[in-house]
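**Q** Please read through the structure below; I'll follow up with questions.
The values are calculated or read from the model by the stated rules, or taken from the named source; none is laboratory data. All figures in this text were calculated on a predicted structure; none of them were measured in a lab. Quick reminder, even Gly has a Cβ in these numbers, built from the backbone with ideal geometry, and neighbours come from all protein chains shown.
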Amino acid sequence: MITRATTDPYVPLPPAPAIVTTVPDPSVRYRVRGLGLPVVPGQQEYVDRVLDHRLSASAFAGLRAVARHLGVTADFTELIDQLGTAPGHTPPGFRLELELDADGTLFADLIRDISYDADGALRPTSVLYSADTANPYEIAPIAPLIANLTCNPGIIYDLFLHDPKANIGGHFRDRDEVMTEIGRILGPGCDISVELDDPFAAPEQILEEAEHFREMLGRWRVVIKVPHTGPVNAANARQLLTGDRRLDRWWWEPATADAFYGHRLALLLREHGFRVNFTLMFEPHQTQLALQARPAYVNAFIRHRLTQSTRMAALLDAHTASGDDGLLVSLREYLLATDHLPAGDTEHDLADCRRMAERIITHRRFREPEGADGLDSVRHTLRLLRSANLSDTRLIVCSMEGERAYPEIDRLLASEEFADMTRRLVVTAEPQYLARFASANQVVSYQRRFLTAASRGPAGGR
């Protein structure tokens, strides 16, 4: 039998026996309170929040043999105090982990994990949902259902602040007011990904802006979006804002320093304690290199990519059938318009334009089941995450539209191949887009029937 000190609850005890004679029954529920551990002085109010945490039979047996006291970490107390979580509870957006110290003290800690709701309960599904908006009026109705929010300067300024139909009465005056209100609506359980206004600013300016977001939203839920930059740099970025807004540099031939600028920025932010959402990811080949920056999130943009593949395949097929080179001229114009060719390359060889489009279609496996739905990058990234040494990195599937995109994603996640990866995926879209898939035509039909019956009352309307 293991004995415990009764006078001073924090007096170190001698090492416990290595063998526990009573083996717990795995069919029985075990909780931390069942260990009967004395509490570290001054921490009772915090420890009370973890006493009902479930333990496996094996964990219970092991801890009963060696644990001597029960306490919480400094991070645990800081979070509880900052968030003002009600007594006896832990906040949403965190999982509870237990760590055994060398002296036998068992410490409870709160680890950021948006898979969890309040009191360490898992969210209803492994797949998580996210709102891609900065409109507080759109966020409020969906807030209890989402675990994440994504936004960027275009969403904040163009689609909300400067849109009088969205920013009703001009109630919100600037970005900080909007983000503060969003944080209030969502509460602590949601991650909030925010993008810097100028990714090419000086490092100290970037860190200052990121720190401003951290103070505004809280260190536990703020995520800084870092874009892939490709051939774009501080010197030529102005080209995208003036004239025809085209870049004179081919995307396929970036300077090494430019192409990996975002990767280095992500690592810099991580060194300063920020989690990173590595964004502007369109092709499968971007993922493995992006993971080297250890981001919390990577992305798969699907909308424009599928649209482009469909258009290029149609032009290629039409040219094959007719031999009309006017179709290749149209293809060249399309490649220019979608930045596959750099500005000024208006006379690019037509045969090479065809070869380029064929390579793209083949690479995206557009004519195969793997890529016909535009989700080849999603499949590829999930496979890479399965083998990566980054157990907490998630994939955000974003930029979707139309009647096919979400149902195809839903079908993919129900497939056997990715059953083990659903916990690693977040679906983000405008709330209005997700709302479509909470409805069906038969909802209207049955509501008509039910409401008609109810209107007649129990006496049949007499």
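**Q** If you go through segment 392-401 one residue at a time, do you hit one that is buried (at least 16 other Cβ atoms within 10 Å of the Cβ), of a type outside the set (G, A, S) and part of a helix (DSSP H, G or I)? Don't jump to the end; show me each part of the working.
**A** Taking segment 392-401 and keeping what is buried (at least 16 other Cβ atoms within 10 Å of the Cβ), we get 393-400.
Still in the list and also of a type outside the set (G, A, S): 393-398, 400.
From what's left, part of a helix (DSSP H, G or I): none.
So far as segment 392-401 goes, no, none of its residues is buried (at least 16 other Cβ atoms within 10 Å of the Cβ), of a type outside the set (G, A, S) and part of a helix (DSSP H, G or I).
**Q** Something else: Sort out which residues of segment 406-462 are at pLDDT below 95 and not small (G, A, S), and write them in order of number.
**A** Those that are at pLDDT below 95 and not small (G, A, S): R456, P458, R462.
**Q** Is there a residue in segment 442-449 that is touching a helix residue (DSSP H, G or I) at 6+ places or on another chain (Cβ under 9 Å) and either in a helix (DSSP H, G or I) or surrounded by 16 or more Cβ atoms within 10 Å (Cβ to Cβ) (or both)? Steps first, please.
**A** Going through segment 442-449, the residues touching a helix residue (DSSP H, G or I) at 6+ places or on another chain (Cβ under 9 Å) turn out to be none.
No, segment 442-449 has no match at all.
**Q** Looking at segment 406-462 only, could you name the residues that are of a type in the set (V, I, T) and farther than 14 Å from S130 by Cβ? Working first, answer last.
**A** Let us first name the residues in segment 406-462 that are of a type in the set (V, I, T), namely 409, 422, 426-428, 443-444, 452.
Matches in segment 406-462: T422, V443, V444, T452.
**Q** Here are V444, V378, V397, V427: which of them is among the β-branched types (V, I, T) and not assigned by TED's automatic domain parsing to the domain that holds A134? Lay out the reasoning, then the answer.
**A** Values: V378 fails: not assigned by TED's automatic domain parsing to the domain that holds A134; V397 fails: not assigned by TED's automatic domain parsing to the domain that holds A134; V427 fails: not assigned by TED's automatic domain parsing to the domain that holds A134.
Step by step, each of V444, V378, V397, V427 is checked, and only V444 is among the β-branched types (V, I, T) and not assigned by TED's automatic domain parsing to the domain that holds A134.
**Q** Condition check: of a type in the set (A, V, I, L, M) and part of a loop (DSSP other than H, G, I, E, B). Does V194 satisfy that? Even if it seems obvious, please write down each step before you answer.
**A** Working: of a type in the set (A, V, I, L, M): yes; part of a loop (DSSP other than H, G, I, E, B): no.
The answer is no for V194.
**Q** Now a separate question. Scan segment 201-243 residue by residue and report those that are closer than 23 Å to T338 by Cα and not aliphatic (A, V, I, L, M). Even if it seems obvious, please write down each step before you answer.
**A** So in segment 201-243, the residues closer than 23 Å to T338 by Cα come out as 226-243.
Hits for segment 201-243 are P227, H228, T229, G230, P231, N233, N236, R238, Q239, T242, G243.
**Q** Identify all residues within segment 176-191 that are part of a helix (DSSP H, G or I) and either touching a residue at least 40 places away in the same chain (Cβ under 8 Å) or in contact with a strand residue (DSSP E or B) (Cβ under 9 Å, 6 or more places away or on another chain) (or both); write none if there are none. Break it down stepwise before answering.
**A** Initially, segment 176-191 is screened for residues part of a helix (DSSP H, G or I), giving 176-186.
Across segment 176-191, the qualifying residues are D176, V178, M179, E181, I182, G183, I185, L186.
**Q** Let me ask another. Looking at A321, A343, can you tell me which residue is surrounded by fewer than 19 Cβ atoms within 10 Å (Cβ to Cβ), over 21 Å from W251 (Cβ atoms) and of a type in the set (A, V, I, L, M)? Outline the logic, then answer.
**A** Numbers: A343 fails: over 21 Å from W251 (Cβ atoms).
Of the residues listed, the single one that is surrounded by fewer than 19 Cβ atoms within 10 Å (Cβ to Cβ), over 21 Å from W251 (Cβ atoms) and of a type in the set (A, V, I, L, M) is A321.
**Q** Could I ask something else about it? Return the pairs, sorted by first residue and then second, in which the second residue is charged (D, E, K, R), the first residue lies in segment 439-460 and is free of Cβ contacts under 8 Å to residues at least 24 places away in the same chain, the beta carbons are less than 7 Å apart, and the residues are 6+ apart or on different chains.
**A** none
**Q** For segment 277-285, indicate whether the set of residues that are of a type outside the set (D, E) and out of contact with any strand residue (DSSP E or B) (no Cβ under 6 Å at 6 or more places or on another chain) is non-empty.
**A** As a first pass, look at segment 277-285 and keep what is of a type outside the set (D, E): 277-282, 284-285.
When the remaining residues are screened for being out of contact with any strand residue (DSSP E or B) (no Cβ under 6 Å at 6 or more places or on another chain), the result is 284-285.
Scanning segment 277-285 turns up at least one residue that is of a type outside the set (D, E) and out of contact with any strand residue (DSSP E or B) (no Cβ under 6 Å at 6 or more places or on another chain).
**Q** Given the conditions (1) farther than 21 Å from P431 by Cα; (2) not in a helix (DSSP H, G or I), report the number of the one that E215 does not fulfil.
**A** (2)
**Q** Next question, about the same structure. Looking at I146, I182, which is the one that is touching a Ser or Thr at 6+ places or on another chain (Cβ under 7 Å) and within 20 Å of C398 (Cα to Cα)? Break it down stepwise before answering.
**A** Details: I182 fails: touching a Ser or Thr at 6+ places or on another chain (Cβ under 7 Å).
One residue alone meets the criteria, I146.
**Q** With the requirement that a residue be assigned to a loop (DSSP other than H, G, I, E, B), exposed (fewer than 15 other Cβ atoms within 10 Å of the Cβ) and out of contact with any Asp or Glu (no Cβ under 7 Å at 6 or more places or on another chain), what does segment 225-262 give you? Break it down into steps so the answer makes sense when it comes.
**A** Within segment 225-262, the subset assigned to a loop (DSSP other than H, G, I, E, B) is 228-236, 241-255, 260.
Of the ones still in play, those that are also exposed (fewer than 15 other Cβ atoms within 10 Å of the Cβ) are 234-236, 241-245, 248, 251-253, 255.
Matches in segment 225-262: A234, A235, N236, L241, T242, G243, D244, R245, D248, W252, E253, A255.
**Q** Would you confirm whether or not segment 357-366 contains a residue that is small (G, A, S), at pLDDT 95 or above, out of contact with any Phe, Trp or Tyr (no Cβ under 7 Å at 6 or more places or on another chain) and in a helix (DSSP H, G or I)?
**A** Taking segment 357-366 as the starting set, the residues that turn out to be small (G, A, S) are 357.
Still in the running and at pLDDT 95 or above: 357.
Filter once more, so that each one left must be out of contact with any Phe, Trp or Tyr (no Cβ under 7 Å at 6 or more places or on another chain): 357.
Now narrow it down to the ones that are in a helix (DSSP H, G or I): 357.
Scanning segment 357-366 turns up at least one residue that is small (G, A, S), at pLDDT 95 or above, out of contact with any Phe, Trp or Tyr (no Cβ under 7 Å at 6 or more places or on another chain) and in a helix (DSSP H, G or I).
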